[in-house]
1. Round to the nearest 0.05 the FRET efficiency obtained for B:Thr62 and A:Val37 when R0 = 56 Å and r is the Cβ-Cβ distance.
2. Can I get the semi-axes of the range B:1-95's equivalent ellipsoid? Compute them from the C-alpha gyration tensor as square roots of 5 times the eigenvalues, in angstrom, largest first.
3. Over all directions, what mean area does the Cα convex hull of the range A:334-456 project, stated in square nanometres?
4. On the principal axes of its Cα set, how long, how wide and how thick is the range A:200-248? Give whole Å, largest value first.
5. The range A:87-236: D in µm²/s via Stokes-Einstein (Kirkwood Rh, Cα pairs, 10 °C, 1.306 mPa s)?
6. Tilt of helix A:60-69 relative to the longest C-alpha principal axis of chain A, in degrees (0 to 90, nearest 10)?
7. Averaging sequence separations of C-alpha pairs under 8 Å and six or more residues apart, then dividing by the length of the range A:37-318, give the relative contact order as a whole percent.
8. For chain B, find the longest principal axis of its Cα atoms and tell me its angle to the long axis of helix B:8-28, 0 to 90°, nearest 10.
Amino acid sequence: MSAGQKIARAAMWAGIGLTAVLVVSTLLFVHAESTWVHPKALGTEESFRHSTTGTEIMPLPVFQVLPTLFPDQFQPGGPAAGDWIDQFGFIRGEPGVNEGLPSGFFVSNHRPKSGAPSPVQFVGINCSLCHTSLIKRSDSDHGVLVRGMGSTSLDFIAWVDGFKTAILDERRMTPENIFSTYEKESGRELSLSEKLMIRLWLTQTRKTVKQLEPQVDNPYGGADLLNAEFMPNGPSRTQPFRNLVRNIMDRPALLDRGYCKLPVLYEQKDRTWGQFDGSVHDRLTRSVLAAMAIGATMYNLSTPEISNNVEQSIAYTLDLKPPKFTEAFPDQKLDAQKIGRGAKVYMAHCDGCHGHPDQNGSWVRGAAQDVVIPYEKLGVDGERVTFRYYDTLGDALVDSFPPKQPLRPKREDIRPGPLGSTRGYIGVPIVGAYARTPFLHNGAVPTLAALINLKPRPALFYRGANNYDPIDAGLVVPSTPDPKRYFRFDTSVAGNSNRGHDYPWAYKGPGWNEADLQDLLEYLKTI
Amino acid sequence: MNSRNFTLGQVTATFVPSGLLLVAALMAAETALDVPFQRMIYSVWASMALLIPALCLFWLPTRSQAQKNYWPLCWTFAYLLYLVHFYYAVMVHYHASIAEVFREQGTRIATSNFIDTIWWGLDVILAWAITADHKWIRIERFALNVFLPLTFFVASVVIFKGFVNVLGYAMTAGLVISWALRIRAWWVARHPAAVEVHRV
């Protein structure tokens, strides 16, 4: 055998050996990957509070160092206004529970969007982020935690913009800064796989945010995050269909002013159609669309673990109720006579659209419950139901799912569609009325007293971590800002109107009866 | 095609690309949104990349020992890659449910896919286990080499769209050329005089 032949043989053996090593390594990697995720059978409440719904955002180590790396983004009100949890209205978690993360954040070993296994824990947000609230009567009050209540303080969209601004900062948001800050703060050295995953995540996330910039503009950052002119949603509100228009129709939705308060999720068994405009029928579809609006995909939502978590979370809300008013405020005594008289006022003016609870607490349907009433008739703000693409989004939504995708909504479960096209708002049960503040779909009315026109509705007020007033049953809203109440809620701005829903009567209008309204308010505190 | 005397070069020339294609199929899917689904797709592409030469080698008029040797190697590695595809399809995508496979794919396609898997597997075993030339094996293999490309043609050209069409058309072109050469060789063998006249 010549030298050349020997070299050729050696090269061939090397090729075979190297390929074999690569194949075996790959198979071992694929096997290891399957061990990174440990699905657990969680109960309904645990699923609602701590499970992944396919909305992973960032690796846990990154989440833990971001506020240190970017105080300008995560403490936009300055250090005196509290830490990032305070400033964006999150609810502080318990040390040692769920990594000590605020309510609504979870950790999982799924990668964002694909749901593929990750050796590194990711942090994400789930239903309880927006649908859990703290009722506090003063800034020093520890408060009453109410699961299922729409958060009254969470300024999530501002937090997301701050996060995106941080991602785009290529000078400070570097893997090396993340590694060194984490290792300094935690005293733990990150593993090679953690470092690799963080690098990969940062590259992909930055690329995604950059790709979106031409469509949705640069994110705001710093003090602008607290400015209602730039961040018009403000605390406790969202724009539920803006992200769907962006994600599904690839349109900027720049003129969308369909602001909505974060809704309550009480007794969902009695809700036949979801959303304030009654536009989504099937419960699973409601949750899927909500999750997809904040980053989940049809792919990760189809994985057995995440799909089960979503179903368990839905199950948790079927019979969920807030505490009774007198449990939340033990020092508040309700007047039985006023309640009795108020019930009659309620039955005369409110029951038709909202129904009422019977002696056993079951909800008795109103004659017009589940009917979508035109917004012009109600006299309320119409931006939520008149946004561009309102008519075509349903078709686009259904078509965005492949025909055989298990999560593909049925067309008839989306309105406008075969089952109705009224642009208006749906009459729904109002169990836990006191714990549904702020009121109207856009959160423009801070108290029940103002909603029923017992008291005038404030035209301009400030929102943030507002305290609760059990007398008027709603949020205390100052007319001047302070570090905790920074968002200027101007009801003359498009999408913010506090007009309409003048039931039983317009404020000091024909038929207005102060005594009846005081009775009605007392009754509303009991349902 | 049953005599065996594989050279190191022949093994290298088939094993190395097969292994690299497998690695690529499994790892390229890591960046996809649906990792198991993409592994299912990429692995069938990899399988076809080996299947095309295997089918051509079968239909080409046999001339050299090298051709005889390359056929079982390509045929086997293509099948192993196909098994990876089959695993991700049936065990992962369809949750190990035969009923789900039939419900989602329809009876005709699901049945032909299962026939492909079983028949091809048996033939690979035959190719390695029985080196003697039996008429029944020739008939079985002939039938399989008609049936298998037909099902792959339907899947890769008619049903699905995208890069798989490139592989589908490449397979079709390769087979047409192989059949033409085979027919020509058969015709030449049957009419040697005519060939001599033509040369003159």
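Only the coordinates and a few stated rules stand behind these numbers; no lab work does. This structure is a prediction, so every number in the text was calculated from the model and none was measured. Heads up, the Cβs are rebuilt from the backbone with ideal geometry, glycines too, and the neighbour counts pull from every protein chain shown.
1. Working: r = 51 Å, r/R0 = 0.91.
With a Förster radius of 56 Å, E is 0.65.
2. On the way: eigenvalues 171, 33, 18 Å².
Ellipsoid half-lengths, sorted descending, are 29, 13, 9 Å.
3. Working: hull surface 40.8 nm².
Seen from a random direction, the Cα hull of the range A:334-456 projects 10.2 nm² on average.
4. Here the Cα extents, ordered largest to smallest, are 33, 27, 19 Å.
5. On the way: Rh = 17.4 Å.
After rounding, the answer is 91 µm²/s.
6. Orientation of helix A:60-69: about 70 degrees from the principal axis.
7. Details: 479 pairs, mean separation 74.5, N = 282.
That works out to 26 percent.
8. On a 0 to 90 degree scale, this one is about 20.
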